[in-house]
Amino acid sequence: MDYQKLVDEAFIASENAYAPYSSFKVGASLLLTDGTIIHGTNIENAAYGSTMCAERNAVFQAYCQGYRKSDIEALAIVGSPLISPCGACRQVLAELLDPYTPIVLGCKDYYEVTNIQELLPRAFIGESL
Ligand code: THU
């Protein structure tokens, strides 16, 4: 798979970041099995805790459109410098992505591929209940 294209899409998404407080623009792009690409970006708030991260916005948008984890081929998340997803996003991704779905972490000239099993081992998920 050409992850560079997905990274490029995530950078396009980041252009719509609303980040007046941190000035840190994050972009996410989700590739679905039907070829659809869904963008997400971070949307900040004056009440900082009400901010929503880019990757959660992308995955939530896919679910809102009726897609589910089996429809998700890969997720790219980009920032400058290279971003590593926050803890809240890891918890959400553990619920909404398959454990080994590729997660591409990228910055301008570099990307690496991981997955949520690696980012959040021994996650608390529904099967734990
Ligand atoms: N941010 C994300 O969009 N994703 C993450 O995984 C970490 C942080 C955003 C939230 C906030 O708008 C900015 O980066 C600085 O924390």
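The values are calculated or read from the model by the stated rules, or taken from the named source; none is laboratory data. Note that the coordinates shown come from a computational prediction; the quantities given were computed from them, not determined experimentally. Every residue, glycine among them, receives a Cβ derived from its backbone with ideal geometry; neighbour counts consider all protein chains shown. Side chains are part of the model used for accessible areas, which takes the heavy atoms of the whole protein and leaves out ligands, DNA and RNA. Shrake-Rupley method; radii C 1.70, N 1.55, O 1.52, S 1.80 Å.
Before moving on, here are some points about what is shown:
- Val92, Val78, ranked by accessible area, largest first (probe 1.4 Å): Val92, Val78
- Potential lengthening of the chain between Asp109 and Ile43 amounts to 21.3 nm, from the contour at 0.36 nm per residue minus the alpha-carbon distance.
- Extension gain for Asp34 to Thr51 (0.36 nm times residue separation, less C-alpha to C-alpha distance): 3.1 nm.
- Counting DSSP beta bridges with both ends in region 40-129, the antiparallel % (nearest 5): 55
- Value of D in µm² per second that Stokes-Einstein yields for the chain, Kirkwood Rh from Cα pairs, at 10 °C (1.306 mPa s): 110
- Structural descriptor for the chain: relative contact order 21 percent, calculated from alpha carbon pairs under 8 angstrom and at least 6 residues apart.
- 5 Å binning of all Cα-Cα separations within region 41-87, expressed as whole percents from 0 upward: 5, 17, 25, 23, 19, 8, 3, 0
- Here the dipole of region 19-77 is about 120 debye; that uses its Cα centre as origin and unit charges on the Cβ of Lys and Arg (positive) and Asp and Glu (negative).
- Placing dummy labels 7 Å off each Cα toward the beta-carbon, the span from Asp71 to Glu95 is 1.8 nm.
- For Asp71, the solvent-accessible surface with a 1.4 Å probe is about 40 Å², rounded to the nearest 10.
- Shown are Arg90, Arg122, whose ranking by accessible area with a 1.4 Å probe and every protein chain present, most to least, is Arg122, Arg90.
- For the chain, calculated [θ]222 nm from helices alone, where every DSSP H run of n ≥ 4 adds -39500 (n - 2.57): -8000 deg cm²/dmol
- Tyr3, Tyr21, reordered so the largest accessible area comes first (probe 1.4 Å): Tyr21, Tyr3
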